[in-house]
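Just below is one structure, and these are the notes that go with it.
Throughout, read-outs are computed from the coordinates displayed, never taken from laboratory work. All of these numbers come straight from a predicted model, not from anything done at the bench. Methodologically, a virtual Cβ is constructed for each residue, glycine included, from the backbone with ideal geometry; neighbour enumeration extends over all protein chains shown.
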Amino acid sequence: MTQPPMTHPDVGKAIAEIDTPALLVELDALDHNIATMARAAAAAGADWRPHIKASKAPALASRLIAGGAVGVTSAKVSEAEAMVDGGVTDILIANEIVGSTKIARLAQLAGRARLCIAADDAANLREIDAALAAVGATIDVLVDVNVNMDRCGVPPDQAPALAQLVTDLPHVQLRGLMGYEGHVMHLDPEEKERETIAAADVLQEARALVEAAGLPVGVTSGGGSGNYWISLAQGHLNELQAGGGVLFDRSYEQMGVRGHRFALLLLSQIISVPDENRAVGDAGWKATGRHTGLPLVHDRENIEVVGLNAEHTIYRLAPGVDVKPGDQVTLIPSYSDSTVLLHRQLHAVRDGVVQEVWPVSGAGRLQ
Ligand SMILES: Cc1ncc(COP(=O)(O)O)c(C=O)c1O
C-alpha cells in the first residue's frame, strides 16, 4: 500500500514560529512571476522550459509545469535524477554529458523520463549512443551552438555535421539546436540588446545551415532570465530556458529584469544587539551564499546588512532604530542560485502562514 506523503510539522505555522534561518517562497509572488514568464513565452509563440538550477525543488518544478511550462531545464544529470524522483519527467539537461560513469547514469535515467541533452562532440555522441543501446533507451539531442558566449558549443558551420551524426545514430534523435547567450546577462541595456541580437543571428545561421543539409530543426532553445524579453523579441527561439526569474532576487533586478516580484526570502533572526549602531543576525554566508554580494533587508527600514560571517549577519542600525534579540528579519538574497543550494527545504508561504514545505532535493547534485 502506498503511504500518503508526510506533512511537514511546519505546515500551518505562522512565519513567527519558523526556526531560522529558513528560506521562504512567497507563493503570491512566485505565481505572479510564473505567470509573467509563461505569458511572455506564449506571446512570442515559444514553449517555456524553465531552468531549475536555482530552485532545485521538484515541487516547485511541478508548479512551473502547472503554470504553463512544457517541462524543465537542468544543468546536471544528478539534478535531473532528483527531478525524476520527484515526479518531473520531461527534462532538458542543457549541458554536455561526458565520461563513461555519467553517461551510464544518463542511460539509466533515460528509461525513466523524456530526456534531451546538449552535445558538441562527435565522439561523445557515439559513446552516449552506445550506452543507450546497451539499455535499449533513446534520448533527444540539441546540437549546442556557440552563440558568442565562448563556453561550450560548436560554431554554426560545424552544426550540420553533428546534426547528421545524431540523425545517423540509432539511439539519439535530433530535436534541434541550443544557443545559450549567458554572456549578455550582465551587460547594460543597449549592449545587451545588441549582443542578444548577435547571438540570435548566430543561432539562425546554424539553423539555416542544418536545414540546408536537409535536416529538420524542431527546437531552437536558449534565453536566460536576464534577457528573456529581448531574446523572445528576436523570434528565433521556440523554446525558452529562462527560469531563475520565477524566484527573482537582487541580481536579476540589477540585470534589468522588470515586472517580477521577490519570491525568495531568507527568514533570519537577530541574535545580539551589542551597541546602538550594530546588530547581529543568524544568517551568515552559509545561509545566504556569497557569490554576488550582500542580501537586502526586506521588511524593515533603517537597518542594513554591511557584512556576512559564516554564521552571522552584521547589520548597521540607523540612529534610534528599535531592534532586539529574537526579532525576525527577512532578507532578499543577492543571487538565488547561490542561496537555495545551501538549504534542505523551502517553506512555501501565503498570508504569513506556511502552506507547504518543499524538499530541495536537487541541492548538492553536482554530478
Ligand atoms: C544553459 C543555460 N540555460 C539557461 C540559463 C538561464 O538560467 P536562469 O534563467 O535561471 O538565469 C542558464 C544560466 O546559467 C544556463 O546555463
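Is any helix in the chain, taking whole DSSP H runs, at least 18 angstrom long along its axis by alpha carbon and on average at least 0.5 on the Kyte-Doolittle scale, and which ones? Counting only whole DSSP H runs, the qualifying helices are 122-135.
Which net charge results when you count Lys and Arg as +1 and Asp and Glu as -1 among the other residues whose beta-carbon is under 13 Å from that of residue 227? It works out to a net charge of -3. From the Kirkwood radius over Cα pairs of the chain, Stokes-Einstein at 20 °C and 1.002 mPa s returns a whole-number translational diffusion coefficient of 99 µm²/s. From most to least packed by mean Cβ count within 10 Å, the peptides 25-35, 290-300 give 25-35, 290-300.
Dipole size of the stretch 188-238 about its Cα centre, with +1 on Lys/Arg Cβ and -1 on Asp/Glu Cβ: approximately 240 debye, rounded to the nearest 20. What value, in deg cm²/dmol to 500, does the helix sum -39500 (n - 2.57) over DSSP H runs of n ≥ 4 give at 222 nm once divided by the residues of the chain? One gets -9000 deg cm²/dmol as the mean residue ellipticity at 222 nm. The distance from the alpha carbon centre of the stretch 72-98 to that of the stretch 161-238 is 20 Å, rounded to a whole number.
The order of the peptides 139-150, 37-48 by mean Cβ neighbours within 10 Å, most packed first, is 139-150, 37-48. Within the shell of other residues whose beta carbon sits under 9 angstrom from the beta carbon of residue 96, the net charge comes to -3, with Lys and Arg scored +1 and Asp and Glu -1.
Computed from the Kirkwood radius of its Cα pairs, the Stokes-Einstein diffusion coefficient for the stretch 56-106 at 20 °C and 1.002 mPa s stands at 191 µm²/s. Dipole magnitude for the stretch 218-367: about 320 debye, using +1 per Lys or Arg Cβ and -1 per Asp or Glu Cβ, origin at the Cα centre.
Computed 3J(HN,Hα) for the stretch 288-293, one whole-Hz value per residue from the Karplus formula 6.51 cos²θ - 1.76 cosθ + 1.60 where θ = phi - 60°, is 9, x, 9, 5, 10, x, glycine and proline marked x. Here the 3J(HN,Hα) profile of the stretch 220-230, calculated from phi with Karplus coefficients 6.51, -1.76 and 1.60 at θ = phi - 60°, is 10, 10, x, x, x, 4, x, 8, 4, 5, 6 Hz, Gly and Pro shown as x. Counted over all Cα-Cα pairs of the stretch 294-346, pairs farther apart than 14 Å make up 60 percent.
Reported to the nearest whole Å, the Cα centre-to-centre distance from the stretch 280-333 to the stretch 101-154 is 43.
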